[in-house]
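Novice: Sharing a structure, written as structure tokens. Questions coming.
The values are calculated or read from the model by the stated rules, or taken from the named source; none is laboratory data. Only a predicted model underlies this, so the values are computations on that prediction, with no experimental measurement involved. Using ideal geometry, Cβ is built from the backbone for each residue, glycine included, and neighbour counts are taken over all protein chains shown. When the accessible area is computed, the model is the full protein with side chains, heavy atoms only, and any ligands, DNA or RNA have been set aside. Shrake-Rupley method; radii C 1.70, N 1.55, O 1.52, S 1.80 Å.
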Amino acid sequence: PAPSAKAALLRSSMPLFWFSLLNALMGTLDVLLLGALGTAADVGVYGIAVRLAMLTSFILLAVNSYVGPQFAAFNERKDTDGLVRLAIASTRLTMAAAAPLLLMFVLAPKWLLGLFGQEFAGSGIVLTVLALGQFVNVATGSVGQILIMSGHERDMRNASFASAAVTLALHVVLIPRFGAAGAAVATAAGVMTLNLIASAMVRRRVGVFVHFFASRKRL
């Protein structure tokens, strides 16, 4: 490719590099910090709870694999209305698919954790807190994909840095005092921070809110 094309590729790829790196780090840092600042029992409870809560994110990943290229196509055609319709429709579909799991995580966390052993059943609050974070993740929809596919990778990178800072700070403060429950609060807060900032940036860049409760009318 021409030098200008290489420069454009580098400008686009570097923010995504940092975004991917932070995702990878934060996916393991919670367990490492819990092991260092908490107990082995905390690691066991949190490890099971976070894997259960993350089941809802697989639904969002599946939807993103389809809507991401569509967002890029709408952006290329400058069809903001089409992008918004698809974003809201996909968010509602994702929420409908994830709602049964989220309800189970909130209403019956002790029973679900008890399936892995009665020693885990008393830590239902960990799964409930993580589920609340995943609710925000699902309810805000594919805001990250919208930013990336519309050329605003830096906004997504900045949101990731903010989320990582919040998560790390809360882990350090809450784990020594509350153990696995503190780690769950930190992780959920990080997920919420990432998605709420990304939603605000979509509002700023595209001019719409695309969360589950949003109207299709452009602001």
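Novice: So which residues in the range 138-154 are at positive phi and open to solvent by 10 Å² or more (accessible area, probe 1.4 Å)?
Specialist: Within the range 138-154, just Gly151 meets the criteria.
Novice: Something else now. When you scan the range 189-205, how many residues do you find that are closer than 15 Å to Leu60 by Cβ and among the β-branched types (Val, Ile, Thr)?
Specialist: The initial filter retains those residues of the range 189-205 that are closer than 15 Å to Leu60 by Cβ, namely 191-192, 194-195, 198-199.
With among the β-branched types (Val, Ile, Thr) added as a condition, the list becomes 191.
The number of residues fulfilling the criteria is 1.
Residues are listed down the side, and each one gets a yes or a no for (1) among the aliphatic types (A, V, I, L, M); (2) surrounded by fewer than 19 Cβ atoms within 10 Å (Cβ to Cβ); (3) over 21 Å from the mean Cα position of the chain (by Cα):
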{"position": "Arg11", "(1), (2), (3)": "no, yes, yes"}
{"position": "Phe19", "(1), (2), (3)": "no, no, no"}
{"position": "Asn23", "(1), (2), (3)": "no, yes, no"}
{"position": "Thr28", "(1), (2), (3)": "no, yes, no"}
{"position": "Val31", "(1), (2), (3)": "yes, yes, no"}
{"position": "Gly38", "(1), (2), (3)": "no, no, yes"}
{"position": "Ala41", "(1), (2), (3)": "yes, yes, yes"}
{"position": "Tyr46", "(1), (2), (3)": "no, no, no"}
{"position": "Leu52", "(1), (2), (3)": "yes, no, no"}
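Novice: Within the range 56-63, is there a residue that is exposed (fewer than 15 other Cβ atoms within 10 Å of the Cβ) and either aliphatic (A, V, I, L, M) or modelled with pLDDT of 90 or more (or both)?
Specialist: Yes, because at least one residue in the range 56-63 is exposed (fewer than 15 other Cβ atoms within 10 Å of the Cβ) and either aliphatic (A, V, I, L, M) or modelled with pLDDT of 90 or more (or both).
Novice: With open to solvent by 80 Å² or more (accessible area, probe 1.4 Å), outside any helix (DSSP H, G or I), in contact with a helix residue (DSSP H, G or I) (Cβ under 7 Å, 6 or more places away or on another chain) and among the aromatic types (Phe, Trp, Tyr) as the only criterion, which of Phe135, Phe116 stands out?
Specialist: Only one candidate passes the filter, namely Phe116.
Novice: OK, next. Just to be sure before I move on: is Val191 at pLDDT 90 or above and hydrophobic (A, V, I, L, M, F, W, C) in the structure I sent?
Specialist: Yes; evaluated as a whole, the condition is true for this residue.
Novice: Pick from Gly151, Gly190, Gly182: which is of a type outside the set (Lys, Arg), in contact with a helix residue (DSSP H, G or I) (Cβ under 8 Å, 6 or more places away or on another chain) and not in a helix (DSSP H, G or I)?
Specialist: Among Gly151, Gly190, Gly182, only Gly151 is of a type outside the set (Lys, Arg), in contact with a helix residue (DSSP H, G or I) (Cβ under 8 Å, 6 or more places away or on another chain) and not in a helix (DSSP H, G or I).
Novice: Ok, one more. Answer yes or no: is there a residue in the range 203-215 that is assigned to a helix (DSSP H, G or I) and aliphatic (A, V, I, L, M).
Specialist: yes
Novice: Further question on the same structure: Only one of (1) outside any helix (DSSP H, G or I); (2) more than 21 Å from Ala89 (Cα to Cα) fails for Gly141. Which number is that?
Specialist: (2)
Novice: Exactly one condition in (1) of a type outside the set (A, V, I, L, M, F, W, C); (2) out of contact with any Leu (no Cβ under 8 Å at 6 or more places or on another chain); (3) assigned to a helix (DSSP H, G or I) is false for Asn75; which is it?
Specialist: (2)
Novice: Exactly one of (1) under 24 Å from Met54 (Cβ atoms); (2) open to solvent by less than 30 Å² (accessible area, probe 1.4 Å) is unmet by Ile197. Its number?
Specialist: (2)
Novice: Let me ask something additional. Can you go through Ser90, Ser65 and tell me which one is among the small types (Gly, Ala, Ser), part of a helix (DSSP H, G or I) and in contact with a helix residue (DSSP H, G or I) (Cβ under 7 Å, 6 or more places away or on another chain)?
Specialist: On the way: Ser65 fails: in contact with a helix residue (DSSP H, G or I) (Cβ under 7 Å, 6 or more places away or on another chain).
Of the residues listed, the single one that is among the small types (Gly, Ala, Ser), part of a helix (DSSP H, G or I) and in contact with a helix residue (DSSP H, G or I) (Cβ under 7 Å, 6 or more places away or on another chain) is Ser90.
Novice: Return the residues of the range 1-55 that are charged (D, E, K, R) and at pLDDT below 85; say none if nothing qualifies.
Specialist: Lys6, Arg11
Novice: Would you confirm whether or not the range 65-72 contains a residue that is surrounded by 15 or more Cβ atoms within 10 Å (Cβ to Cβ) and under 23 Å from His171 (Cβ atoms)?
Specialist: No - not one qualifying residue is present in the range 65-72.
Novice: Kindly indicate the residue of the range 160-179 that is among the small types (Gly, Ala, Ser) and assigned to a helix (DSSP H, G or I) and also farthest from Met149 (Cα to Cα) among those meeting that condition. I'd like the intermediate steps shown before the answer.
Specialist: To start, the set of residues in the range 160-179 that are among the small types (Gly, Ala, Ser) comprises 160, 162-165, 169, 179.
If we keep only those that are assigned to a helix (DSSP H, G or I) too, we end up with 160, 162-165, 169.
Working: Ser160: 16, Ala162: 21, Ser163: 20, Ala164: 22, Ala165: 25, Ala169: 30 Å.
Looking at the filtered set, the residue picked out is Ala169.
Novice: Also, quick follow-up: What number goes with the only condition from (1) open to solvent by less than 20 Å² (accessible area, probe 1.4 Å); (2) touching a Phe, Trp or Tyr at 6+ places or on another chain (Cβ under 9 Å); (3) under 21 Å from Val43 (Cα atoms) that Gly182 does not pass?
Specialist: Of everything listed in (1) open to solvent by less than 20 Å² (accessible area, probe 1.4 Å); (2) touching a Phe, Trp or Tyr at 6+ places or on another chain (Cβ under 9 Å); (3) under 21 Å from Val43 (Cα atoms), Gly182 misses just condition (2).
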